[in-house]
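A short reminder: the numbers here are calculations on the coordinates, not readings from a lab. Values in this document were obtained by computation on a predicted structure and should not be read as measured data. For neighbour counting, all protein chains shown are included, and Cβ atoms are generated from backbone atoms with ideal geometry for every residue, glycine included.
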Ligand code: HEM
């Protein structure tokens, strides 16, 4: 699995595609077949984000256990907010708060990811 955690490329690929699929699914009619399929694809990408993030985590977290732990949690919560938006809008429940939380956690995850030592270090 080294080949997937030598760089952050695989992880970046999984969360970029996952977020795009999520945004397209969320913009579709809640009863449409296309949305059901994209929701399934989004769930597949949740798993890939998790696997790619965990591979990086297990390999590099000894550099800074606390911050890597926070990155892990922020990533998980961001995925949680994506799923809440899709599931609650399907049930016609209000999703405004979950959209706000999604953007807040996404920004925090991106910031910490780009701060941590692997890959791109815009905020180091
Ligand atoms: C939607 C969710 C997620 C987003 C948007 C995200 C975003 C990012 C970004 C921007 C980076 C930095 C890449 C680079 O510097 O080249 C990164 C790295 C990383 N992510 Fe995630 N991530 C997410 C989910 C996760 C999850 C669930 C985990 C844990 C299972 C995780 C663990 C890591 C680790 C360990 C790194 C390496 C940190 C470093 O040293 O740069 N991420 N992520």
Starting from segment 73-97, take each residue that is without any contact (Cβ under 8 Å) to a residue 12 or more places away in the chain and list its partners that are in a helix (DSSP H, G or I), counting only C-beta distances under 7 angstrom and pairs at least six apart or across chains. 88/98; 95/85; 95/88; 95/89
Pairs returned, first residue in segment 38-56 that is farther than 17 Å from residue 112 by Cα and without any contact (Cβ under 8 Å) to a residue 24 or more places away in the chain, second residue that is away from the ligand (no atom under 13 Å from the Cβ) and in a helix (DSSP H, G or I), beta-carbon separation under 7 angstrom, 6 or more apart or interchain, are 38/24; 38/25
